[in-house]
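The values are calculated or read from the model by the stated rules, or taken from the named source; none is laboratory data. On a predicted model such as this, the values are computed, not experimentally measured, just so you know. When we count neighbours, we look across all protein chains shown, and the Cβ atoms used for this are built from the backbone with ideal geometry, even at glycine.
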């Protein structure tokens with residue numbers, strides 16, 4: 001059964017997304033030299049007008065014969081019967097996760113006991129104690145191996161469940177104008193108005209990023225309308241960004257406001273997109289013997 | 001079944017006699033390049049190849065959405081492939097239907113269906129359009145086209161729409177039209193690919 005997604009789920013309130021640093025291209029490489037290369041960033045143009053869309057007809061036969069189909073559906077319509085519902089079987093994988101976690105927990109308890117025992121003795125009296133210590137270290141190592149195996153199973157089962165999603169973040173702040181609200185209108189007409197508080201403005205000026213939307217979107221051509229409001233745009237000023245979110249990937253759209261020109265308005269926003277690499281990398285940090 | 005408008009061709013026009021007026025012929029020729037050339041620029045594919053892509057979008061639209069209907073949106077070729085297919089989903093929770101039209105692996109149309117279409121879900125497994133068309137051609141379609149200068153017009157995948165005796169069956173309905181004769185309907189069992197029945201209308 002699929003997880004229940006939330007369509008166009010906005011963040012409860014605009015959040016200064018410190019965690020977004022991990023999603024930024026190049027962020028991982030800056031902290032970990034062994035991390036994979038940064039995803040490719042594509043600059044996208046913010047247009048003054050909505051990009052035209054090809055108009056194509058679909059299901060013409062169905063629409064032309066709607067009366068026939070409606071009549072057939074009326075004949076097919078069934079009244080739900082009262083009956084006993086039957087519970088479905090629990091996915092055995094979920095039971096296995098619990099069992100594996102319990103096994104690892106038991107090993108951890110043993111390791112904790114070992115540690116206490118070791119501390120109580122204080123000094124190793126003989127070569128036999130060193131032998132015991134080695135076996136205890138082996139036990140701890142086995143426990144770590146069990147945890148790795150469990151995480152591997154979890155990754156194997158759930159990695160790749162990324163649904164098609166879009167995250168929109170703001171960065172920078174214009175120097176020549178006061179920006180009070182940024183509104184995002186998604187494909188389908190839903191509008192998210194994000195008023196910028198003084199704290200958020202200060203954070204943007206200091207280089208922070210503001211996540212204004214993160215939610216599921218259909219994997220198809222999307223046009224995002226960005227509307228600015230502020231002292232230079234009392235009636236609002238709009239620009240349009242065309243996106244193609246690929247299926248089962250997280251697409252990030254960054255709207256850099258720092259180059260915003262009052263005269264040019266929304267089209268002077270520097271926009272860029274990239275795909276978040278959701279793949280979990282396996283790192284075996286154990287040193288060579 | 002006679003009240004189904006079988007004479008609708010793939011560009012949404014009522015099929016007209018060949019010996020129409022000069023104006024009608026001119027309009028036909030003027031309209032032809034756009035539709036045909038557009039279809040030729042894209043790779044045809046059997047209907048089944050677009051199910052995953054449309055389902056990925058439908059589940060985001062509504063988690064409980066299920067596929068209820070498939071129809072070719074562009075001409076179907078001799079192998080049962082079309083450059084664009086339409087996939088209709090119904091969501092019980094939303095009580096709405098939404099169609100996705102796919103071309104070259106991408107969704108090029110996504111729109112809610114204005115009419116209420118609370119149709120039952122298609123069977124999970126069904127023979128693809130190539131096998132269904134081969135069965136229909138073999139049984140009656142090829143002979144119909146030869147004798148009446150007919151052509152394949154539509155391929156529809158639905159459940160219970162054209163088979164009163166077995167409303168639970170998912171079936172392909174293959175429709176051939178001719179300017180000189182009543183249209184031919186061939187109903188193909190989508191579970192096994194066998195022709196169930198044919199009729200004219």
Close pairs from the stretch A:55-73: first facing chain B (nearest Cβ under 7 Å), partner surrounded by fewer than 21 Cβ atoms within 10 Å (Cβ to Cβ) and at pLDDT 95 or above, Cβ under 6 Å, at least 6 apart: A:56/B:108; A:56/B:109; A:58/B:109
Looking at (1) away from chain B (no Cβ under 14 Å); (2) surrounded by 15 or more Cβ atoms within 10 Å (Cβ to Cβ); (3) at pLDDT 90 or above, which one does residue A:219 not meet, given that it meets all the others? (1)
Out of A:136, A:211, A:205, I need the residue that is more than 30 Å from residue A:92 (Cβ to Cβ) and touching a strand residue (DSSP E or B) at 6+ places or on another chain (Cβ under 6 Å). Which one? A:211
Before we move on, is residue A:253 surrounded by 18 or more Cβ atoms within 10 Å (Cβ to Cβ) and at pLDDT 95 or above? yes
Residues (touching a helix residue (DSSP H, G or I) at 6+ places or on another chain (Cβ under 9 Å) and over 16 Å from residue A:211 (Cα atoms)) located in the stretch A:247-257: A:247, A:248
Among residues belonging to the stretch B:57-106 that are in contact with a helix residue (DSSP H, G or I) (Cβ under 6 Å, 6 or more places away or on another chain), in a strand (DSSP E or B) and at the interface with chain A (Cβ under 10 Å from one of its Cβ atoms), point out the one that is surrounded by the fewest Cβ atoms within 10 Å (Cβ to Cβ). B:98
List the strands (runs of 3 or more DSSP E) inside the stretch B:145-201, counting only whole elements, that have at least 3 residues being more than 24 Å from residue B:49 (Cα to Cα). B:195-200
Any residue that is over 24 Å from the mean Cα position of the chain (by Cα), part of a helix (DSSP H, G or I), more than 14 Å from chain B (Cβ to nearest Cβ) and surrounded by fewer than 17 Cβ atoms within 10 Å (Cβ to Cβ) - is there at least one of those in the stretch A:171-179? no
If we ask which residues in the stretch A:200-216 are surrounded by fewer than 19 Cβ atoms within 10 Å (Cβ to Cβ) and free of Cβ contacts under 8 Å to residues at least 60 places away in the same chain, their number turns out to be 5
Residue A:218 vs. criteria in the same structural domain as residue A:264 (by TED's automatic domain parsing), under 30 Å from residue B:63 (Cβ atoms) and touching a helix residue (DSSP H, G or I) at 6+ places or on another chain (Cβ under 6 Å): yes
